[in-house]
Amino acid sequence: MVTPVRAGRLKHFLKELLMNGYFGVMRAPRAIHFGCGQRLGLGRAAALLGRRALVCTDARFAASKDMEPLLASLSRQGMKVEVFADTQPELPVDGIHACVARFRSFAPDVVVGLGGGSCMDLAKLVALLLTHKGALDTYYGEFKVPGPITPVIAMPTTAGTGSEVTPVAVVGDDARDLKVGISSPYLIPHTAICDPELTVTCPRGLTAISAADALTHAIEAFTAVQHPQTAELAMERVFVGKNLFSDQYALQAIQSIVAWLPRSIEDGNNMQARTGLMYGAVCAGLAFGIAGTAAAHAVQYPVGALTHTAHGLGVATLLPYVMAFNASHCTDALAQIASVLGITGDSVQARANATIDTIDALLQGVGIPRTLAELGVPADRLHWIAEQSMKSARLVNNNPRPLDVAGVTEIVTAAFAGTRQPMESFA
């Protein structure tokens, strides 16, 4: 029952939201099943969508002891099942087209992405091409997918990419220097089944890299630029920038990942820690799937192309330097992060700086490299990295501090040398 007092508070709260220009967009799967043991509900979830399921995974998971119970879950529902177990890292375009050609005649009613980000992205893109056909590059960019795709069920085996809840898939196209993204609300999976028990076998190093990727998603979403709040914004941009709903998920993600990542590294069988970490990764996916990411992701693309290092490793190495560069334009947001992490300080600026220090220390503590030099970036390629980074316009435009080649050069020079300065140096 809403009492007059509660109604008055609600009215005041809504008035404050309007007066302060709050704006929110919410995009998510139709269902998220989260918790230990939820993987065993795959069959019933898939049966709600049809009778034929294509499972996209990789050779490692297909050969694991966890695969058989999932296939049995599908079989108990009387489903016909085919398995594609040849998902490759970096998701080459040829592999996607090969999967589509192989299973087009099977005509699956649902595509299951089972594994890390590449497996889930493969499932999204196979579902896209089974529905709308044509060459994959037809859909590069934003809002190029013309309509709904074959339903996807996404089941992550790492706590990191967030692909199980996001509207984006990233591919490696040999015809282009950098990775390419396809972004559309139609790519959001129909159902996400997030079972922390599937992450127990994830090695220590991959656990750290995946979680660091998720932490970067959350921080970049929370500190993203606030775009002009027009009635058309959500129809013009897949990623709308910092907003009311993404902020809530981002703060939940940051708090949970910072709390549980070290414990997951210490003991990979700690299910409380694994659950907390996966919860943080899902929240981070919900946050950046709405708000988007920014400079750390833009810079990682050329860094990854040069060094052939993991995406999560690159964005996490860059994150403290990007935070320091941006700090003068998102001081309040960094101070809010300090609050959920229990960081205190005499001023907003002090709390903002302490937040960057805390994130930096956490990442180093779980084995993330301190500098781009440690990733193998050559000293003479920093300007090239800066120029290439600017080509990721969606990410550049989402950064809270305006970016140009000189600004990105400042970031990568600091990240190469390991010389991060307090925020007053960047004001």
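The values are calculated or read from the model by the stated rules, or taken from the named source; none is laboratory data. Small disclaimer: the values here were computed from a predicted structure and weren't measured. Please note: Cβ atoms are built from the backbone with ideal geometry, for glycine as well, and neighbour counts cover all protein chains shown. SASA here: full protein model, heavy atoms, side chains in, ligands and nucleic acids out. Shrake-Rupley method; radii C 1.70, N 1.55, O 1.52, S 1.80 Å.
Helix 244-266 sits at what angle to the longest principal axis of the chain, using alpha carbons and giving 0 to 90 degrees rounded to 10? Roughly 80 degrees between the two axes. Rolling a 1.4 Å probe over the protein heavy atoms gives the chain an accessible area of 41 Å² per residue. In the chain, Cα pairs under 8 Å separated by at least six residues give a relative contact order of 15 percent.
Between the beta carbons of His383 and Asp137, assuming R0 = 41 Å, the FRET efficiency works out to 0.90 to the nearest 0.05.
Rounded to whole numbers, the Karplus 3J(HN,Hα) couplings from phi for the stretch 381-391 are 10, 5, 5, 4, 4, 4, 5, 5, 4, 5, 6 Hz, using 6.51 cos²θ - 1.76 cosθ + 1.60 with θ = phi - 60°, and x at Gly and Pro.
Nonpolar atom fraction for the stretch 216-270, defined as the carbon and sulfur part of the 1.4 Å probe accessible area, stands at 49 percent.
What shape does the stretch 249-344 take by its C-alpha gyration tensor, where a ≥ b ≥ c are the square roots of the eigenvalues and a/c under 1.5 counts as rounded, a/b above b/c as prolate, and the rest as oblate?
On the way: a/c = 1.81, a/b = 1.16, b/c = 1.56.
It comes out oblate by the Cα gyration axes.
For the set Lys80/Lys133; Lys124/Lys242; Lys80/Lys124; Lys133/Lys242; Lys179/Lys242; Lys124/Lys179, the pairs lying more than 27 angstrom apart at their alpha carbons are Lys133/Lys242.
In whole percents, the pair-distance distribution calculated for the stretch 271-427 from its alpha-carbon pairs, binned every 10 Å from zero, is 11, 39, 38, 12, 1. Relative to the first principal axis of the alpha-carbon coordinates of the chain, what is the inclination of helix 311-326, with its axis defined by its Cα atoms, in degrees from 0 to 90 and to the nearest 10? For helix 311-326, the angle is close to 30 degrees. Overall, the anisotropy analysis places the stretch 160-240 in the prolate class: the square-rooted eigenvalues a ≥ b ≥ c of its C-alpha gyration tensor yield a/c not less than 1.5, with a/b exceeding b/c.
Applying the Karplus relation 6.51 cos²θ - 1.76 cosθ + 1.60 with θ = phi - 60° to the stretch 96-106 yields 3J(HN,Hα) values of 5, 5, 5, 5, 4, 4, 5, 10, 4, 5, 5 Hz, where x marks Gly and Pro. Accessible surface of the stretch 69-126, 1.4 Å probe: 52 percent of it comes from carbon and sulfur atoms. Using just the helices of the chain, give the 222 nm mean residue ellipticity in deg cm²/dmol: DSSP H runs with n ≥ 4 each add -39,500 (n - 2.57), and the total is spread over all residues, rounded to 500. Computed mean residue ellipticity for the chain: -15500 deg cm²/dmol. Between the helical axis of 271-291 and the longest alpha-carbon principal axis of the chain there is an angle of about 80 degrees. Here the contact order of the stretch 36-173, divided by its residue count and restricted to Cα pairs under 8 Å and six or more residues apart, works out to 27 percent. Both numbers refer to the Cα atoms of the chain; Rg and Dmax are 21.2, 67 Å.
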